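Asker: Okay, here's the structure, questions in a sec.
Derivation of every value follows stated rules applied to the coordinates shown; laboratory data play no part. Just so you know, these numbers come straight off a predicted model, no measurement behind them. Positions of Cβ are generated from backbone atoms using ideal geometry, with glycine treated the same way; all protein chains shown enter the neighbour counts.
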Amino acid sequence: MKLKDSSIVVTGGAGFIGSWIAEYLRADNNVTVFDNLSTGKKGNVPNGVELINGDIRHENELIKAFKGADVVFHQAANVQIPLSIENPSFDSDVNMRGTLNVLEACRKNDVKRVVYASSSALYGNPEKIPTPEDTIPNPLSPYGLSKLTGEYYMKIYSSLYGIETVSLRYFNVYGPRQNPDSPYSGVLSVFSKNIKESRGLTVFGDGRQRRDFVSVKDVVEANILSATKDNVSGLAFNIGTGIALSLNDVISTLGRITGKNLNVIYRERRQGDAKKSCADISLAKEKLGFTPKVELEEGLRELLKS
Ligand SMILES: NC(=O)c1ccc[n+]([C@@H]2O[C@H](COP(=O)([O-])OP(=O)(O)OC[C@H]3O[C@@H](n4cnc5c(N)ncnc54)[C@H](O)[C@@H]3O)[C@@H](O)[C@H]2O)c1
């Protein structure tokens, strides 16, 4: 399958990752965004892309929106882990039921392929790092569980109904348009905002915690590969870089790029924060041909410019 002249729907396409998927595909395809604008913004939806203001909790709205669609990129979700802990039923309504609604609407419209935004959160605190996909999942929050459930639905819809489904377990995605305003936003979007406003950077813990930071450009590439490769239906892939950097490493890179002596405030480590997280991306390399291209320094420069 080629992604040209295709009819594409991006759920959550007014958000950070979904809006970049829409942006990269809009030139050669007919792209529609389906989003309830709960955390996303109208202004993120690229020019020339239709926005349907709808909610994935309502299957009938999805059925209408997916008419004639060839591929659906399912990005819409409750993305806040603390909210999932506070209100597991809400998280389940959006992330489990919502994902099931997306698949049902695909089944009823003969959509050929669905690419699903899953998360490394389903691993919990894995012993093996870099973590391969066959690690036994151990989600530590309702969010991690709902993402895992979504993956199982994807797999079952692939085997039972012949819809081609691919799940992507994103690690720490960063880039322009990531919302820095929630206290649980991606750390790099918060750092970037604080630097632009000449404020200090807050680190929870000693800064030696390591994360696999992957540029949204590489994540878009992984989505496009997942929509077009043969023999990947029903599978789940890690999407990261395979490199774990500490927050202290990242801060020194930011200092070098900006030429500033950054003021760092160390606060108590947050409960539940993993010490280290890193993707084993061998399967994505082998089956999808995925190779992350954006090095952190280049990605950070772009983020600071945005
Ligand atoms: N950013 C990361 O590092 C990361 C890591 C792992 C997984 N993910 C997953 O990637 C996907 C995209 O995340 P993001 O970082 O772009 O977040 P985001 O908040 O920017 O985007 C989510 C979008 O979904 C929309 N949405 C939420 N609930 C909806 C509903 N009920 N109906 C319709 N639209 C709804 C929001 O308005 C928003 O535009 C999510 O599924 C998230 O769980 C992200």
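Asker: State the extension gain, in nm to one decimal, for the chain segment bounded by Arg301 and Arg57, taking 0.36 nm per residue of separation less the distance between their alpha-carbons.
Answerer: Stretched out fully, the Arg301 to Arg57 stretch lengthens by 84.1 nm.
Asker: Can you list the residues, at least 5 places off or on another chain, whose amide H is less than 5 Å from the amide H of Tyr116, using H built in the peptide plane?
Answerer: His74, Val166, Ser167, Leu168
Asker: Points 7 angstrom from Cα along the Cβ direction at Lys196 and Glu50: gap in nanometres?
Answerer: 3.2 nm
Asker: A further question on this structure: Around Phe290, which amide H atoms from residues at least 5 apart in sequence, or from another chain, sit under 5 Å from its own amide H, with H modelled in the peptide plane?
Answerer: Correct list: Lys285.
Asker: Here is a further query. What list of ³J(HN,Hα) couplings, whole Hz, do you get for the stretch 10-18 from phi and the Karplus terms 6.51, -1.76, 1.60, once you set θ to phi - 60° and write x for glycine and proline?
Answerer: With the stated coefficients, the stretch 10-18 comes to 10, 6, x, x, 9, x, 4, 6, x Hz.
Asker: Among the GluC sites (Glu not before Pro) in the stretch 110-155, which ones are in a DSSP loop with at most 16 other Cβ atoms within 10 Å of the Cβ? Mind listing them?
Answerer: When the GluC sites (Glu not before Pro) of the stretch 110-155 are filtered for loop state and at most 16 Cβ neighbours within 10 Å, Glu127 remain.
Asker: Translational diffusion coefficient of the stretch 145-300 at 25 °C, 0.890 mPa s, Stokes-Einstein with Kirkwood Rh over Cα pairs, in µm²/s as a whole number.
Answerer: Rounded to a whole number, D works out at 144 µm²/s.
Asker: In the structure displayed, which of Lys196/Lys229; Lys155/Lys305; Lys64/Lys293; Lys128/Lys229 lie more than 32 Å apart, Cα to Cα?
Answerer: Lys196/Lys229; Lys155/Lys305; Lys64/Lys293
Asker: Something else: What are the ³J(HN,Hα) values, in whole Hz, obtained from phi via the Karplus relation 6.51 cos²θ - 1.76 cosθ + 1.60 with θ = phi - 60°, for each residue of the stretch 157-162 in sequence order, with x given for Gly and Pro?
Answerer: Here the 3J(HN,Hα) series is 5, 5, 7, 7, 10, x Hz.
Asker: Tell me which residues come under 5 Å, amide H to amide H, from Tyr266 once H is placed; ignore anything under 5 positions away on its chain.
Answerer: Val203
Asker: To the nearest 10 degrees, how steep is helix 296-305 against the longest Cα principal axis of the chain, on a 0 to 90 scale?
Answerer: For 296-305 against the chain, the angle is about 90 degrees.
Asker: So what is the calculated 222 nm ellipticity per residue for the chain, using -39500 (n - 2.57) for each DSSP H run with n of 4 or more, over all residues, to the nearest 500 deg cm²/dmol?
Answerer: Mean residue ellipticity, 222 nm, calculated: -10000 deg cm²/dmol.
Asker: In whole percent, what relative contact order does the stretch 171-281 give with Cα contacts below 8 Å and a gap of six or more residues?
Answerer: 38 percent
Asker: Projected area of the stretch 32-176, taken from the Cα convex hull and averaged over every viewing direction, in nm²?
Answerer: With every direction weighted equally, the projected area is 9.2 nm².
Asker: Let me ask you something else. Using 1/(1 + (r/R0)^6) with R0 = 22 angstrom and r between the beta carbons of Arg269 and Asn87, what's the FRET efficiency to the nearest 0.05?
Answerer: 0.35
Asker: Looking at the stretch 20-76, which GluC sites (Glu not before Pro) are DSSP coil and have at most 14 other C-beta atoms within 10 Å of their C-beta?
Answerer: The qualifying sites: there are none.
Asker: Using a simple spin-label model with points 7 Å from Cα along the Cα→Cβ vector, what separation in nm is obtained for Asn248 and Ile156?
Answerer: 4.7 nm
Asker: Using the Cα atoms of the chain to build a convex hull, what is its mean projected area in square nanometres?
Answerer: With the hull built on Cα positions only, its mean projection is 14.4 nm².
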